[in-house]
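S.K.: Just passing along the structure, written as structure tokens.
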Amino acid sequence: MLLLSDTGFDAPAALLARYGLELVRVPDGEPIPGSYWGGCEAGLIGNRVHARADTPVHSLLHEAGHLIVLPPQRRAAVHTDATDSVEEEDATCYLQILLADELPGVGRDRLMADMDAWGYTFRLGSARAWFERDADDARAWLEQRSLLPHA
């Protein structure tokens, strides 16, 4: 599992800033505010994504994706759980895969492998199969809202 300690915080912070988000570094061993899953998983509060050095990159990108797909006026109310919408969840998964290509040393292949290892579940059995053959609706959702990265 690729961790923020492997990539550093600078590139992810710059990526999130492009979307009006702030990456907040949590000291090692401290609880991560706004973490839905607890432990080392990233957390959300407003336009901030909280993470530690032991936070998996896929977790950071997933939680950031949740905020990116929300209209700015809904972001302010987010604390821990961003959505219960299937469409937004699918769009978030698709977006996190694309965003991985924008982080040096990460890329979609590594991110999808880490998603599978963590336990994301998809109808076709893997993140790659879903992304390549079953995610047209997620991509269309992002396109309609002009949220696809311009990489």
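Please treat every number below as a calculation from the coordinates, not as lab data. Predicted model only: the values in this text are computed from it and were never measured. Positions of Cβ are generated from backbone atoms using ideal geometry, with glycine treated the same way; all protein chains shown enter the neighbour counts.
S.K.: Give me the number: length gained by fully extending Leu148 to Glu132, i.e. 0.36 nm times residue separation minus the C-alpha to C-alpha distance, one decimal in nm. Display every interim value, and only then the final one.
M.R.: Values: separation 16, 0.36 × 16 = 5.76 nm, distance 1.58 nm.
Length gained, Leu148 through Glu132: 4.2 nm.
S.K.: Still on this structure: Add +1 for every Lys or Arg and -1 for every Asp or Glu among the other residues with Cβ under 13 Å from the Cβ of Pro31, and state the total. Numbers along the way, then the final one.
M.R.: Numbers: positive: Arg52; negative: Asp28, Glu30, Glu41, Asp54.
Taking every other residue near Pro31 into account, the sum is -3.
S.K.: Now, a different point. Are there any chymotrypsin sites (Phe, Trp or Tyr not before Pro) in the range 1-86 that are in a DSSP loop and have at most 14 other Cβ atoms within 10 Å? List them by number. Before the final figure, lay out each step's value.
M.R.: Details: sites: Phe9, Tyr19, Tyr36, Trp37; in loops: Phe9, Tyr19, Tyr36, Trp37.
Those satisfying the criteria are Trp37.
S.K.: Taking amide H positions as placed 1.01 Å from N in the peptide plane, with prolines and chain starts having none, which residues 5 or more places from Val24, or on another chain, fall under 5 Å of its amide H?
M.R.: Under 5 Å from the amide H of Val24: Val49, His50, Ala51.
S.K.: DSSP loop trypsin sites (Lys or Arg not before Pro) in the range 53-151 with at most 15 other Cβ atoms within 10 Å of their Cβ, which ones?
M.R.: Working: sites: Arg74, Arg75, Arg108, Arg110, Arg123, Arg128, Arg133, Arg139, Arg145; in loops: Arg123, Arg145.
Of the trypsin sites (Lys or Arg not before Pro), the ones in loops of the range 53-151 whose Cβ has at most 15 other Cβ atoms within 10 Å are Arg123, Arg145.
S.K.: Mind telling me which of Gly65, Gly105, Gly43 comes out most flexible in a GNM of the chain, alpha-carbon contacts under 10 Å?
M.R.: Result: Gly105 has the largest fluctuation of those listed.
S.K.: Continuing with this model, one more query. Please name whichever of Ser59, Ala100, Leu44 sits farthest to the positive end of the charge dipole of the range 4-144, dipole taken about the Cα centre and charges placed at Cβ: Lys and Arg +1, Asp and Glu -1.
M.R.: Of the options given, the answer is Leu44.
S.K.: Rounded to whole Å, give me the distance from the Cα center of the range 113-148 to that of the range 1-78.
M.R.: Cα centroid of the range 113-148 versus Cα centroid of the range 1-78: 20 Å apart.
S.K.: How large is the dipole of the range 4-144 about the Cα centre if only Lys and Arg carry +1 and Asp and Glu carry -1, each at its Cβ, rounded to the nearest 20 debye? Could you put the intermediate results ahead of the total?
M.R.: Values: 12 positive and 24 negative charges, 52 e Å.
Here the range 4-144 has a charge dipole of around 260 debye.
S.K.: Of all the C-alpha pairs in the chain, what % are more than 23 Å from each other? Write out the running numbers ahead of the final one.
M.R.: Values: 3254 of 11325 pairs.
When every Cα pair of the chain is considered, 29 percent fall beyond 23 Å.
S.K.: Considering only DSSP beta bridges whose two residues both sit in the chain, what percent are antiparallel, to the nearest 5? Write down the numbers at each step before the final one.
M.R.: Values: 6 of 10 bridges.
DSSP beta bridges in the chain are roughly 60 percent antiparallel.
S.K.: What is the sum of charges, Lys and Arg at +1 and Asp and Glu at -1, for the other residues whose Cβ falls under 15 Å from the Cβ of Asp114?
M.R.: Numbers: positive: Arg108, Arg110, Arg128; negative: Asp6, Glu41, Asp54, Glu63, Asp101, Asp109, Asp116.
Summing Lys/Arg as +1 and Asp/Glu as -1 gives -4.
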